[in-house]
Amino acid sequence: MSDTIFGKIIRGEIPSKFLYEDEHCIAINDINPQAPVHVLVIPKRGIPRLVDAEQDDQALLGHLLLAAGKVAAQLGVSDAFRLIVNNGAGAGQTVFHLHLHIIAGRPFAEGHLAG
Ligand code: 5GP
């Protein structure tokens, strides 16, 4: 497992409320939310960046998307949420343990991704 803050959270070394947990991933609230709902879906296996995922991770990557949908439904935002993966420091990745951001509860501009 990669030794990042998320590894410590997953191992229970840093107490954190899990909104969701299954065999392969957890979901926690982001410590610095950018929207009323800002949740991180984090695989227990510590892949640093999306591009570091390998063919063997195919099922895990699909699992994360399904888990994100379940968490969004659990939080009551299944009609309007965004999933974001920052890959690499240049894209804003700060924790090098792959994770999905679920963003919801704020208006989204139509027709582009930046809003
Ligand atoms: P990235 O920028 O790597 O895509 O996202 C990392 C996210 O992790 C950031 O949104 C940041 O606020 C969040 N984060 C960093 N440290 C912690 C922490 O200790 N606990 C939680 N819950 N979120 C964290």
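This table checks each residue for (1) modelled with pLDDT under 95; (2) within 14 Å of the ligand (Cβ to nearest atom); (3) over 17 Å from Phe18 (Cα atoms).
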site	(1), (2), (3)
Gln58	no, no, yes
Ala73	no, no, no
Phe81	no, no, yes
Asn87	no, yes, yes
Ala91	no, yes, yes
Ile102	no, yes, no
Arg106	yes, no, yes
Glu110	yes, no, yes
Leu113	yes, no, yes
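Taking only region 33-82 into account, find how many residues are closer than 15 Å to His99 by Cα and not in a helix (DSSP H, G or I).
Looking only at that region, the number is 15.
Those residues that are assigned to a helix (DSSP H, G or I) and surrounded by fewer than 16 Cβ atoms within 10 Å (Cβ to Cβ), I need them from region 1-32; list them, please.
Those that are assigned to a helix (DSSP H, G or I) and surrounded by fewer than 16 Cβ atoms within 10 Å (Cβ to Cβ): Ile5, Lys8.
Which of the residues belonging to region 28-44 are more than 9 Å from the ligand (Cβ to nearest atom) and charged (D, E, K, R)?
Residue satisfying the conditions is Lys44 alone.
I'm checking my understanding of the structure. Among residues of region 1-15 that are more than 10 Å from the ligand (Cβ to nearest atom) and of a type in the set (D, E, K, R), which one is modelled with the lowest pLDDT?
Ranking the qualifying residues of region 1-15, first place goes to Asp3.
Is region 84-91 home to any residue that is open to solvent by 80 Å² or more (accessible area, probe 1.4 Å), closer than 21 Å to Ile10 by Cα and outside any loop (DSSP other than H, G, I, E, B)?
Among the residues of region 84-91, not one is open to solvent by 80 Å² or more (accessible area, probe 1.4 Å), closer than 21 Å to Ile10 by Cα and outside any loop (DSSP other than H, G, I, E, B), which makes the answer no.
From the list Val37, Val71, Val41, pick out the single residue that is in contact (Cβ under 8 Å) with a residue 60 or more places away in the chain, open to solvent by less than 20 Å² (accessible area, probe 1.4 Å) and under 26 Å from Ala109 (Cβ atoms).
After ruling out the rest, the residue left standing is Val41.
Looking for whichever is touching a helix residue (DSSP H, G or I) at 6+ places or on another chain (Cβ under 8 Å) and among the β-branched types (Val, Ile, Thr) here; the options are Ile31, Ile42, Ile84, Ile103. Which one fits?
That would be Ile42, the only listed residue that is touching a helix residue (DSSP H, G or I) at 6+ places or on another chain (Cβ under 8 Å) and among the β-branched types (Val, Ile, Thr).
Can you name the condition, by its number, that Asp56 falls short on among (1) within 29 Å of Pro107 (Cβ to Cβ); (2) exposed (fewer than 15 other Cβ atoms within 10 Å of the Cβ)?
Of (1) within 29 Å of Pro107 (Cβ to Cβ); (2) exposed (fewer than 15 other Cβ atoms within 10 Å of the Cβ), only one is false for Asp56: (1).
The values are calculated or read from the model by the stated rules, or taken from the named source; none is laboratory data. Please read all numbers here as calculations on a predicted model, not as lab measurements. Please note: Cβ atoms are built from the backbone with ideal geometry, for glycine as well, and neighbour counts cover all protein chains shown. Just so you know, the surface numbers come from the protein's heavy atoms only, side chains and all, with ligands and any DNA or RNA stripped out. Shrake-Rupley method; radii C 1.70, N 1.55, O 1.52, S 1.80 Å.
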